[in-house]
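Notes to accompany the following structure.
The values are calculated or read from the model by the stated rules, or taken from the named source; none is laboratory data. None of these values were measured; they are calculated from a predicted model. For neighbour counting, all protein chains shown are included, and Cβ atoms are generated from backbone atoms with ideal geometry for every residue, glycine included.
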Amino acid sequence: MKRGFLTILLFFLIGSAWFTGSWNTEKPVEPRPTIETFRPMIHFGRTRFVLSSETRPWKEVGLLSNSMIISPEPTLIEVTYSRKGETTWQSIVANASHLPLPDQDGITEVKLSLHYPNQAAPMESRFIVAPCRDVQFQVNKISFAPGELVMIRAEYLEIGQLLTASGSWFDSDPQWFHHDGIALLLYPIPSSTQEGNYQLTLTAQNEQSINIPITVTPRNFVMQPLIVDPDVNATTRTDNSYEEFHAMLMESRTVTESLPLFEGSFQLPLDGRMTTEYGQGRTINGVPSGSRHSGYDLAAPTGTDISATQKGKVRFAGEMILTGNTIIIEHGIGIFSQYYHMDDLSVETGELVQQGEIIGTVGSTGFSTGPHLHFCIYVNGAYVDPAVFLEGSTFEWFQLLPQ
Ligand SMILES: [Zn+2]
């Protein structure tokens, strides 16, 4: 209101100066604005808006009117926002203070129809606004159990603006997935992470870093003694077999879609008896294995059908010395499900599979003590607890991605 008043005053002073020259010639003073000469003024300040990084506050505080003055104030404003000719927001508001900031950075065309008393038709005004907010980060939560997933969403990215993330609990080179001014990152908390306080540092190019405190809660994993046929152990767990396996993983996990290939939660690939849980440590024939179990072992009779946990693309289907008949399915945004020790494989590398589609059968191939499926999920450098993906609430997050 105050700025509105000042603008009117300024207008008046300029007007007075203009007419000073004719003051002494006794020419009649110009009348006050009439219907024909009535022209509301709209003025913008700077169009850079910096918002908090913790919430999504633009609806509450990011008002376009923070930098806009309409004088005189109309009694009613019809508003249309559009981007590339498509309407993105439309409303009738009582005054300029009810105009929200467009919900995306970049160019938005604004059309205002200003209604004034005693004016037969509304005054039309068209202009563009191009807000440029600092990147805003959201995190799904700040306290995690080992095996869970930190999900980070970034908004208001400029074209080509780079993002980096680093968590003090796990040295990963995580891949962000960009889509139309939004980016998503999944940052795992590996099962080996000790309880404690950590820090997640997020940086958008040319902007200040943001540090988010992350707490990892304790989780006790039960040790499991495993007795394996010494011959199987000696032939399947060799330098060669590990090298072959890791080379296959490197190759099959390099390509991933930038949007999820799925909607909703994942499902168990079969209805089996859980013999080893996620994160369990093991001794193999009395010797500590030195690693934690990367997923679920689900025991079932040889020949039991195994289905795809979720829609995705088969990135590998073949035989490995270590894991026997193996399948890797990619689900987009860096999520891979993996299936080991299978008997039959009924899909091929490159195939698109639907959730629940049969991909093969239970076996005991590779380093295995009996018929079972080893099922695990890999994201950005670590195996995460499959439970995270079997729970529906995880995917409320993915719904925030543009469709
Ligand atoms: Zn296993």
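Observations, loosely collected:
- For segment 146-189, the tally of residues that are among the hydrophobic types (A, V, I, L, M, F, W, C) and either farther than 15 Å from GLN199 by Cα or modelled with pLDDT under 90 (or both) stands at 12.
- Qualifying residue in segment 211-226 (condition: more than 24 Å from the chain's Cα centre (by Cα), free of Cβ contacts under 8 Å to residues at least 24 places away in the same chain and outside any strand (DSSP E or B)): yes
- Inspection of segment 239-248 finds a residue satisfying the criterion of being hydroxyl-bearing (Ser, Thr, Tyr), touching a Leu at 6+ places or on another chain (Cβ under 7 Å) and surrounded by fewer than 16 Cβ atoms within 10 Å (Cβ to Cβ).
- Taking segment 29-121 as the region of interest, the strands (runs of 3 or more DSSP E) fully inside it that hold 3 or more residues being of a type in the set (S, T, N, Q) and modelled with pLDDT of 75 or more are 86-93.
- Subset tally (residues that are assigned to a strand (DSSP E or B) and either surrounded by fewer than 17 Cβ atoms within 10 Å (Cβ to Cβ) or touching a Cys at 6+ places or on another chain (Cβ under 8 Å) (or both)) for segment 193-202: 4
- Within segment 364-380, the set of residues being within 11 Å of the ligand (Cβ to nearest atom) and either touching a Lys or Arg at 6+ places or on another chain (Cβ under 7 Å) or not in a strand (DSSP E or B) (or both) comprises GLY366, PHE367, SER368, THR369.
- For ILE227, the criteria (1) of a type in the set (A, V, I, L, M, F, W, C); (2) at pLDDT below 90; (3) touching a strand residue (DSSP E or B) at 6+ places or on another chain (Cβ under 6 Å) hold in every case but one, which is (3).
- Checklist (1) of a type in the set (A, V, I, L, M); (2) surrounded by fewer than 18 Cβ atoms within 10 Å (Cβ to Cβ); (3) within 11 Å of the ligand (Cβ to nearest atom) applied to LEU259, failing item: (3)
Residue by residue, here is whether (1) under 11 Å from HIS374 (Cα atoms); (2) out of contact with any strand residue (DSSP E or B) (no Cβ under 6 Å at 6 or more places or on another chain); (3) free of Cβ contacts under 8 Å to residues at least 40 places away in the same chain holds:
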{"site": "THR256", "(1), (2), (3)": "no, no, no"}
{"site": "SER265", "(1), (2), (3)": "no, yes, no"}
{"site": "GLY295", "(1), (2), (3)": "yes, no, no"}
{"site": "ALA308", "(1), (2), (3)": "no, no, no"}
{"site": "ILE321", "(1), (2), (3)": "no, yes, no"}
{"site": "ASP343", "(1), (2), (3)": "no, no, no"}
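- Scanning segment 267-290 for residues that are out of contact with any strand residue (DSSP E or B) (no Cβ under 6 Å at 6 or more places or on another chain) and either farther than 15 Å from HIS374 by Cα or of a type in the set (Val, Ile, Thr) (or both) turns up ASN285, GLY286, VAL287, PRO288, GLY290.
- For segment 290-344, the candidate set comprises residues that are surrounded by fewer than 21 Cβ atoms within 10 Å (Cβ to Cβ), small (Gly, Ala, Ser) and over 27 Å from PRO225 (Cα atoms); within that set, the residue that is farthest from the ligand (Cβ to nearest atom) is GLY332.
- Cβ-Cβ distances below 6 Å connect the following pairs, each with a first residue in segment 137-159 that is part of a strand (DSSP E or B), a second residue that is of a type in the set (Ser, Thr, Tyr), and a separation of six or more residues or different chains: PHE137/SER53; SER143/THR215; VAL150/TYR187.
- Residue among GLY281, GLY286 that is at pLDDT below 95, surrounded by fewer than 21 Cβ atoms within 10 Å (Cβ to Cβ) and within 16 Å of the ligand (Cβ to nearest atom): GLY281
- Just one of the listed residues (THR394, THR361) is out of contact with any strand residue (DSSP E or B) (no Cβ under 7 Å at 6 or more places or on another chain), buried (at least 16 other Cβ atoms within 10 Å of the Cβ) and either of a type outside the set (D, E, K, R) or assigned to a loop (DSSP other than H, G, I, E, B) (or both), and it is THR394.
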